[in-house]
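Q: Take this structure, written in structure tokens, and hold onto it; I'll ask about it next.
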């Protein structure tokens with residue numbers, strides 16, 4: 001436990017120091033990070049977050065969101081929203097993903113998140129790849145959520161917001177799919193619910209066609225827009 005806490009403390013400092021050095025080299029007084037979550041989910045929206053942090057503020061507990069537990073992420077997100085100069089979150093629904101594809105949806109979510117920031121950044125750091133038609137100067141950083149404080153903060157914020165939204169959908173809108181536990185991903189529980197309960201308007205037909213190409217037709221798509229559609233196989 002002590003070793004884990006020490007590692008987290010060192011990681012938080014490293015993330016801060018990377019951004020501090022980049023701001024000084026620019027100079028980039030307003031450095032934004034953006035990241036998205038939900039790419040591989042069978043249901044629910046893509047969610048992107050953008051964050052601008054003040055210089056030389058260490059967020060203890062911050063790390064790549066995938067390295068943190070749910071409780072740790074929620075704790076660090078409270079710090080992010082209280083400390084950040086500004087932050088924003090953008091949703092892209094399943095219908096958009098089906099119509100335009102996953103790559104376009106990713107770009108749209110990140111563009112919306114960046115454009116919604118209250119302050120205009122001098123530079124936007126994105127995780128992994130450049131943002132198409134980004135409204136500000138943009139630099140991509142491979143595995144950025146483990147290198148840059150602002151990307152790690154955006155990653156954690158997007159993850160927590162999306163998980164909370166999927167919990168709401170799972171508990172109040174479409175119970176039975178386990179979204180409060182699986183966040184819309186293709187777990188055994190979710191796949192079994194698809195077999196027994198059918199698809200919902202929150203499901204991504206684009207993904208389901210790849211998984212169950214012989215079960216879902218264009219006629220099914222039209223019927224599903226009115227509600228749930230049972231699949232039998």
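The values are calculated or read from the model by the stated rules, or taken from the named source; none is laboratory data. Remember, predicted model here, so these are calculated numbers, not experimental data. Note that each Cβ is placed from the backbone with ideal geometry, even for glycine, and that neighbours are counted across all protein chains shown.
Q: Please indicate, with yes or no, whether at least one residue in the range 94-106 is closer than 30 Å to residue 9 by Cβ and either in contact with a strand residue (DSSP E or B) (Cβ under 8 Å, 6 or more places away or on another chain) or free of Cβ contacts under 8 Å to residues at least 60 places away in the same chain (or both).
A: Within the range 94-106, not a single residue is closer than 30 Å to residue 9 by Cβ and either in contact with a strand residue (DSSP E or B) (Cβ under 8 Å, 6 or more places away or on another chain) or free of Cβ contacts under 8 Å to residues at least 60 places away in the same chain (or both).
Q: Kindly indicate which of 31, 62, 15, 46 is closer than 30 Å to residue 209 by Cβ and buried (at least 24 other Cβ atoms within 10 Å of the Cβ).
A: Exactly one of 31, 62, 15, 46 is closer than 30 Å to residue 209 by Cβ and buried (at least 24 other Cβ atoms within 10 Å of the Cβ), namely 46.
Q: Continuing with the same structure: Take residue 170 and tell me if it is surrounded by 14 or more Cβ atoms within 10 Å (Cβ to Cβ), assigned to a loop (DSSP other than H, G, I, E, B) and modelled with pLDDT of 50 or more.
A: no
Q: In this structure, is residue 32 touching a helix residue (DSSP H, G or I) at 6+ places or on another chain (Cβ under 9 Å) and assigned to a strand (DSSP E or B)?
A: In short, yes.
Q: Please go through (1) assigned to a helix (DSSP H, G or I); (2) crowded, with 17+ Cβ neighbours inside 10 Å; (3) at pLDDT 95 or above; (4) not assigned by TED's automatic domain parsing to the domain that holds residue 9 for residue 194 and return the number of the only condition it doesn't satisfy.
A: (3)
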